[in-house]
Ligand code: SF4
Ligand code: SF4
């Protein structure tokens, strides 16, 4: 488990020099930036470029935070690359657009960081993954010696605090994110995908920084919090972030899962400035908290259901042997009566597309149907596999 010590610094404006000073003070509280970065390292800075939003919307990592960090890293003698996979397909033209809108282009013009222009996709493996063992990631991570994860303090109506731990999801290229979400039957399984991805990069992610100088509430309103958080452990950083908005971290499903998986402990050490004056008791977080109620989970499912590749059982071909029912881990198949007698029917609200039913049907009558929205993802997977073979 990464150290759960978190440094808190009060910072009340997006002034480059002020941010650089606060970051340096925060790093020093953790032993100094040179503890994590060595001369000659290639450092991937992973900001949150959500939806390619402009900085004044407070939904993306502020360019001045990234710029100040890049300068500190540069002074150590390391090379910085800014990389993320924001909105749309993961391709050069979309990345260019994101860099302009989020003002990362200006950060790179300052001369201390380059922008990632590599739109290749790679496969990373987590042998201990609970939900995924092979995961598609942006290839730029393979060129990096270390990653500094620079999240934005923002809240999503379905996913809760995005912060640092969910910012890691941006290492998944473009529409592969939708593919993963489509496979998540519950918010708990989504959070465990996040953990599976984190475990792939756990050794490389040496620092997590949360830009909470101005945060974004669940209703998209910017909210001044004057907070910068820094730590080795993304879950520890997010735990302190929840305290800043007067939420109990122990209610967080994501954090409880990280405890279960041995990645975090609520017993953390907070150093730096005093948290008490920063606590914002009327911050609009989520309407449901992270202890998701079925209504919001249904919404989450509906949003991504349209990407899901599904098993389809034709009622006229099914022999009613029930072997698929015995093999379905989600108990998503039940018998129904139809004009051709009893047949098996899939409940798509429960199905996680493991396709065990397809493999186990002795009569090979279960087909898979690819919804239109999934087809570009399917093409991307096939293309990237072809390219790897070549
Ligand atoms: S793909 Fe088949 S076996 Fe897997 S969850 Fe769905 S219905 Fe069940
Ligand atoms: S295993 Fe095949 S034949 Fe048997 S009930 Fe399921 S779909 Fe029908």
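Read the figures in this text as sums done on the coordinates, not as results from a lab. Computed from a predicted structure; not experimentally measured. Counting neighbours? That spans all protein chains shown, and the Cβs are built from the backbone with ideal geometry, glycine included.
Numbers below:
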item: Debye intensity ratio I(q)/I(0), log10, the range 81-163, q values 0.15 Å⁻¹ (C-alpha model); result: -0.71
item: The chain - percent relative contact order, Cα under 8 Å, separation 6 or more; result: 18
item: Share antiparallel - DSSP beta bridges, the chain, percent rounded to 5; result: 60
item: Debye log10 I(q)/I(0) for the range 155-222, one point scatterer per Cα, at q = 0.17, 0.22 Å⁻¹; result: -0.71, -1.09
item: Candidates 57, 336, 247, ranked by Gaussian network fluctuation over the chain, Cα under 10 Å, top entry; result: 336
item: Hydrodynamic radius of the range 310-369 per Kirkwood, over alpha carbon pairs, in Å; result: 11.2
item: Fully extended contour minus Cα-Cα distance, from residue 335 to residue 360, at 0.36 nm per residue; result: 7.4 nm
item: Three-way shape label, the range 1-81, alpha-carbon gyration tensor, a/c 1.5; result: prolate
item: Kirkwood estimate for the range 27-181, i.e. one over the average of 1/r between Cα atoms, Å; result: 15.9
item: Shape category assigned to the range 106-259 from the gyration tensor of Cα positions, a/c cut at 1.5; result: oblate
item: Acute angle (nearest 10 degrees) that the helix 63-76 long axis makes with the longest principal axis of the chain, alpha-carbon atoms; result: 70
item: Helix-only mean residue ellipticity at 222 nm for the chain, each DSSP H run of n ≥ 4 adding -39500 (n - 2.57), per residue, nearest 500; result: -9500 deg cm²/dmol
item: For the range 1-27 versus the range 167-215, the gap between their alpha-carbon centres in whole angstrom; result: 23
item: GNM flexibility winner over the chain from 338, 151, 231 (Cα, springs under 10 Å); result: 338
item: Between 0 and 90°, nearest 10: helix 294-305 axis offset from the chain longest Cα axis; result: 80
item: Highest-first arrangement of 112-124, 60-72, where packing means the average Cβ count within 10 Å; result: 60-72, 112-124
item: P(r), alpha carbons of the chain - 20 Å bins starting at zero, rounded %; result: 27, 54, 16, 2
item: Normalised convex hull volume, the range 38-112, alpha-carbon set, Å³ per residue; result: 77
item: Within a Gaussian network of the chain (alpha carbon springs, distance under 10 Å), most fluctuating of 238, 347, 48; result: 347
item: Percent RCO, i.e. relative contact order, over the range 226-284, from Cα pairs under 8 Å lying at least 6 residues apart; result: 39
item: Folded to 0 to 90 degrees: helix 234-244 orientation relative to the chain principal axis, Cα; result: 70
